[in-house]
Every structure is written in structure tokens, then in C-alpha cells.
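Data first, discussion second: the structure below is written as C-alpha cells.
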């Protein structure tokens, strides 16, 4: 299962990087901001995104011990979104020893 998750989050990370880069080349978020903000579904999507950031951040607060790492991950989540989520999961997965599994992935705290 851990190997599958490493592959899943690696592919998701690469896909999101590709999507963000190609979209940024095609269209500037800053030029489109007023138009996008006028679309109700865009506002709902942003609220949905930041709610997910909150949920993931609460888990990160449990996993990480130092305030510095908590703040850094919050900044990454807000600015990079799912790219940061994938990076965090990959860091957690690669921190596991070969004998550890899902229980340690989701519950083990780091200093």
C-alpha cells in the first residue's frame, strides 16, 4: 500500500505541476482575477479549497512538533495548494521505515 501511495502522490504532483505551468503560460491568473471572481462557482471552489487547506493543516499541526514547520507548511498549502499537499504526503511516505505502514503514516508524530 505504501508503494502505491508513493506512486499515486508522485503522479499527482507531476500532473498538478504540469497543469499549473501550462495554464500559467496560457492565461494569467492576475489578469483574469476580476472575471474569475465574478463567477459563483469560482468563489465556491475557492471556499472549498481553503476549507481543505484547513483540514489538512489541522492534521499537519498534529504531525509536526515545531511552530516553524507548521507555519511553513501552512504557507506552502495556501500558495501551492495540492502541489504542497502531494509534497507533504511524499515527505511523510519517504520518512517511513520499511516496517511501517498506514498507521504510522497517519499517526506518527515528528520532532
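Here is how the numbers come out for the structure above:
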| read-out | value |
| --- | --- |
| Helices (runs of 4 or more DSSP H) wholly inside the chain containing at least 3 residues that are loosely packed, with under 14 Cβ neighbours inside 10 Å and without any contact (Cβ under 8 Å) to a residue 60 or more places away in the chain | 2-26, 29-37, 40-63, 67-80, 102-107 |
| Of the criteria (1) at pLDDT 95 or above; (2) touching a helix residue (DSSP H, G or I) at 6+ places or on another chain (Cβ under 7 Å); (3) over 27 Å from residue 103 (Cβ atoms), which one residue 14 fails | (2) |
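The values are calculated or read from the model by the stated rules, or taken from the named source; none is laboratory data. Quantities reported herein were computed from a predicted structural model and do not represent experimental measurements. Positions of Cβ are generated from backbone atoms using ideal geometry, with glycine treated the same way; all protein chains shown enter the neighbour counts.
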